[in-house]
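Accompanying notes for the structure given below.
The values are calculated or read from the model by the stated rules, or taken from the named source; none is laboratory data. Because the structure is a prediction, the values reported are computed rather than measured. Here the Cβ is made from the backbone with ideal geometry for all residues, glycine too, and neighbour counts use every protein chain on show. The accessibility values were calculated without ligands, DNA or RNA, using every heavy atom of the protein model including side chains. Shrake-Rupley method; radii C 1.70, N 1.55, O 1.52, S 1.80 Å.
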Amino acid sequence: MNEKLRRMLLDWMRKIHQLEYAHCYQSIFWANFEKWIGIGAFVISTIVAFSYRFPQIDIPWIQDILLPFILLIVAILTGLQTFLKPSEKAENHKRIGFNYEKLRHSIELILNTQMTDEKLNREIEIIKNEWADLKSVYVSNRKFIKGKQTVKKLKKYPEELSFLDTIDP
């Protein structure tokens with residue numbers, strides 16, 4: 001395999017690996033978001049439910065203002081779960097992360113298999129098309145940067161764009 005082609009595939013693999021991690025981190029974020037929203041709503045609503053069993057408090061603003069405000073918070077938390085659908089988002093990012101992993105493994109196979117130039121070009125075209133066809137959604141910039149840092153720590157890939165002759169490393 002020609003060296004420029006190999007470096008290009010390594011660069012693709014690095015980018016895909018970064019996106020794989022970014023989507024995994026985004027999936028974890030949404031799963032944790034749902035968990036903490038749910039726990040918060042459950043705890044607060046349980047406290048309010050049992051507040052009627054507490055001895056009578058002669059402070060009217062607690063019954064008239066504080067408890068309705070706390071119930072409003074519970075309604076907002078459950079509304080967030082309903083309308084943001086964090087579990088669906090977590091599952092979607094997890095699935096996308098697995099798709100990127102599958103694509104990365106395909107590139108690893110190409111890099112580690114002897115093949116004719118014609119077959120290599122076909123395989124590269126397949127990878128290019130699969131990558132273009134991935135139905136991906138955006139990840140937050142923080143998760144993308146975190147994925148990028150994780151891949152950089154692996155020290156498996158050349159520096160970004162360092163394989164291009166027109167760009168100084």
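The aspartates and glutamates whose alpha-carbon is closer than 15 Å to the alpha-carbon of Lys146, local same-chain residues fewer than 8 away aside, are Glu20.
Show that you can apply the helix-only estimate: for the chain, add -39,500 (n - 2.57) for every DSSP H stretch of four or more residues, divide by all residues, and state [θ] at 222 nm to the nearest 500.
-26000 deg cm²/dmol
Once a ≥ b ≥ c are taken as the square roots of the eigenvalues of the Cα gyration tensor of the chain, is the result rounded (a/c under 1.5), prolate (a/b larger than b/c) or oblate (a/b not larger than b/c)? Numbers along the way, then the final one.
Numbers: a/c = 4.83, a/b = 3.47, b/c = 1.39.
The shape class here is prolate.
Given the Cα-Cα distance of Leu66 and Thr82 and 0.36 nm per residue of separation, how much length would full extension add, in nm? Don't skip to the end; give the middle numbers.
Working: separation 16, 0.36 × 16 = 5.76 nm, distance 2.44 nm.
Using 0.36 nm per residue and subtracting the Cα-Cα distance, I get 3.3 nm.
Between helix 3-51 and the chain there is an angle of about 10 degrees, using the helix long axis and the longest principal axis of the Cα atoms.
Over the chain, what is the mean sequence separation of C-alpha contacts under 8 Å (at least six apart), divided by residue count, expressed as relative contact order in percent?
Values: 136 pairs, mean separation 80.2, N = 169.
RCO, the chain: 47 percent.
With protein chains left intact and a 1.4 Å probe, residues in segment 1-148 average 67 Å² of accessible area per residue. Between Leu111, Ile127, Ala49, the Cα set farthest toward the positive side of the dipole of the chain (charges on each charged residue's Cβ, about the Cα centre) is that of Leu111.
Taking the Cα centre of the chain as origin and assigning +1 to Lys and Arg Cβ atoms and -1 to Asp and Glu Cβ atoms, the resulting dipole is close to 320 debye.
Set the Förster radius R0 to 35 Å, insert the Cβ-Cβ distance between Arg7 and Glu91 as r into 1/(1 + (r/R0)^6), and round the FRET efficiency to 0.05. Kindly include the intermediate steps, with their values, before the conclusion.
Numbers: r = 35 Å, r/R0 = 1.00.
Taking R0 as 35 Å, the efficiency between Arg7 and Glu91 is 0.50.
Between the alpha-carbon centers of segment 106-139 and segment 141-155, tell me the distance in whole angstrom. Using only Cα atoms to place each centre, the spacing works out to 22 Å.
Pairs Lys94/Lys155; Lys85/Lys148; Lys4/Lys153; Lys89/Lys128; Lys15/Lys135: which are spaced more than 21 Å apart, C-alpha to C-alpha? Violating the 21 Å Cα-Cα cut-off are Lys94/Lys155; Lys85/Lys148; Lys4/Lys153; Lys89/Lys128.
The portion of the accessible surface of the chain made up by carbon and sulfur, rounded to a whole percent, is 60 (1.4 Å probe; DNA, RNA and ligands excluded).
On C-alpha positions alone, give me the angle between the axis of helix 67-84 and the longest principal axis of the chain, in degrees, nearest 10. Here the helix axis deviates by roughly 20 degrees. Angle of helix 117-133 to the longest C-alpha principal axis of the chain, folded into 0 to 90 degrees and rounded to 10: 20°.
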